[in-house]
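Report on one structure; see the data block that follows.
Every read-out reported here was derived from the displayed coordinates using simple, explicitly stated rules and does not represent laboratory data. Please read all numbers here as calculations on a predicted model, not as lab measurements. Quick reminder, even Gly has a Cβ in these numbers, built from the backbone with ideal geometry, and neighbours come from all protein chains shown.
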Amino acid sequence: LGNQTKADTRRVAAELGLHTATKPESQDLCLVEAHGTMQNFLAQHIKPKTGNIVDPQGRVLGQHSGIHNFTVGQRKGLGVAADRPLYVISLDAEKNEVVVCKERSS
């Protein structure tokens with residue numbers, strides 16, 4: 001598959017009668033499909049570890065139940081209310097912090 005385009009791969013999948021030939025695209029891992037969502041899968045394999053959601057200056061804006069639930073660039077589902085959208089700009093595993101700001105790049 002490495003040298004095939006996505007269209008070629010879908011064509012071959014259709015020829016083989018695979019349901020994935022017409023499946024909508026997703027950013028989740030296909031291997032966790034049986035669990036419903038990535039968060040459900042991770043919840044079964046990673047213990048929640050509460051930490052802070054902070055701005056670039058280190059001010060605490062909220063709490064999270066695990067940095068594994070966030071990705072850099074994420075805007076939705078942060079659990080923090082603000083006057084403008086917030087974006088995850090970094091994850092600090094050592095401090096267990098999710099760093100967010102009002103601009104995509106900081």
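Couple of notes before you dig in:
- Read-out Cα extents along the principal axes in Å, derived from the coordinates shown; its label in (i) 55, 30, 24; (ii) 66, 39, 21; (iii) 43, 36, 23: (i)
- Under the simplified labelling scheme, the VAL60-VAL80 pair shows an inter-label distance of 1.3 nm, with each label point 7 Å from Cα along Cα→Cβ.
- The chain: calculated mean residue ellipticity at 222 nm from DSSP helix runs of at least 4, using -39500 (n - 2.57): -5000 deg cm²/dmol
- Here the chain is assigned +1 on the Cβ of each Lys and Arg and -1 on the Cβ of each Asp and Glu. Its dipole about the Cα centre then comes out at about 140 debye.
- Degrees separating the helix 6-15 axis from the principal Cα axis of the chain, which is the longest one: 50
- Each part reduced to its alpha carbon centroid, segment 2-27 and segment 63-82 end up 31 Å apart.
- If the convex hull is drawn through the Cα atoms of segment 35-89, its volume per residue in Å³: 80
- When the charge dipole of segment 60-101 is built from unit charges on Cβ atoms (+1 for Lys and Arg, -1 for Asp and Glu) and taken about the Cα centre, the candidate among HIS64, ASN96, GLY79 whose Cα reaches farthest toward its positive end is GLY79.
- The relative contact order of the chain comes to 18 percent, based on Cα pairs under 8 Å that sit 6 or more residues apart.
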